[in-house]
Every structure is written in structure tokens, then in C-alpha cells.
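The values are calculated or read from the model by the stated rules, or taken from the named source; none is laboratory data. Bear in mind the structure is a predicted one, so any value in this text is a computation, not a measurement. As a convention, Cβ positions derive from the backbone with ideal geometry for all residues, glycine included, and neighbour counts pool all protein chains shown. Please note that ligands, DNA and RNA were not included when accessible areas were found on the heavy atoms of the full protein model with its side chains. Shrake-Rupley method; radii C 1.70, N 1.55, O 1.52, S 1.80 Å.
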Amino acid sequence: MLKLYSYWRSTAAYRVRIALNLKRLSYQTIAVHLVKDGGEQHKPEYLEKNPQGLVPLLDDNGRYLNQSMAICEYLDENFDGPSLLPDEPFLKAQVRSVCQAIACDVHPINNLRILKYLKGELGISDEAKDTWYHHWIHQGFSALESQLVKFAKNGDFAFGQEWTLADAFIVAQMYNARRFEVDLSQYPRLVAIEQHCLTLDAFKDAQPESQPDAV
């Protein structure tokens, strides 16, 4: 069975949980607490598996793969089940562009280790930290909203009447934005995509609060 090293509130792990559910793949969750005892991701036994010291990490029969986009594409290319990416080349590239905008531009500068560094080593206030977070979310979401509103007439998912990997990345990042109380009123298309996706069990069952390590 596939094993997923995950933390319940990790946005990147959330994306992969959705992808696993959309592919209808069974997997075992191995919890890696990112905060307790200084962060279990820093322990030598975990770093041996993933030198980056991050989650998610996929274990496929002793073969380890990190980075959420790489994991999702690996699952799509090597396991049976519904495809996470469209067949048409341009649409496939559009889906990847949304995923990469979130995974490469929006999320990395707002994840736990960055926020801890801002508050700890740089000594900024909680208010300044939240200002930082909101600034980059708004910059990223504004671009995504403009990109995705053009596809609204095609269906309720990001790119039409069928879900794609883009929807998984959007839903996970929207959760994170809500957690930090970002005003999402400027992004009706993103909100509509999120709410439609959350009517499906594959998305609902992957939600952070539904995970076995949720506290």
C-alpha cells in the first residue's frame, strides 16, 4: 500500500490527499507533526527519507518521492484511475500553470517555515506577519482569478465540467487563506470553484479536520 507522510494542516499534503482520492487509491497516512518537539520533520530518521525535511512524502514500496506536484504527476502516470490532467496539450498546460502558480509562487513564501523565520529570527510582529501573508495571497489570487474567470462559462470546476489537478491545488490553498482570515470577496471565481469541489467526497475526505492526526 502507498504511504503518505503528511501533516493534517499542511497545504501541500492536502493537495496530494485530494489527488489520491480522485485517483481512488488506497493509502496509509503516517503523521509528521511539523510543530511538536521542534518539528518531527527535522528528526534524522525522517531526513534520511526526505533530506528537505518537508511534507508530503510518498512511499511507494520503499521508494520515496517528495514535492506535491511531482507526487501527483507520478500517481497519475503510474496508477489506474481517473486522470488528473486533461489530454488536450494546451489545456493540460493551463492546468499545470495554475498548479505551479500556487505551488511555486503563492504557497512557498507563506508556509510554516517562512512564517516562523519572519517571527523568530527577524522578530517581526504578528500583525506584520499577517500583512506579509495577506499581501502574497492577494497578489497570487488576483492573477488566478483573472486567469480562471475566462473559463467560468465552461463549467463549475476550474477548467470546465470535469475536475483536474488544478482544482485540488486551489481548494488546498483556499483553506490556507481562510485559516489566516484573508478577505476572499475579490475572488468569486475561486470561491465558486472551492465550494463546488467541496460537494465531492474526494475533496471533503481530504480536508484537514478529517485527518487522523488532526488536533
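If you average the sequence gap of Cα pairs under 8 Å that are 6 or more apart and divide by the length of the stretch 1-86, what percent do you get for the contact order? 37 percent. Placing a pseudo-label 7 Å from each Cα along the Cα-to-Cβ vector at S125 and D60 gives an inter-label distance of 4.9 nm. Each principal axis of the Cα atoms in the stretch 1-60 has its own extent, and those three values, largest first, are 34, 21, 16 angstrom. Averaging the Cα positions of each part gives two centres, and for the stretch 25-79 and the stretch 92-153 these lie 22 Å apart. When both bridge partners sit in the chain, DSSP labels roughly 60% of those beta bridges antiparallel. When shorter helices are ignored and each DSSP H run of at least 4 residues is given -39500 (n - 2.57), the per-residue value for the chain at 222 nm works out to -14500 deg cm²/dmol. Ligands, DNA and RNA left out, the 1.4 Å accessible surface of the chain is 51% carbon and sulfur atoms. In the context of the full set of protein chains, the chain has a per residue accessible area of 49 Å² (1.4 Å probe).
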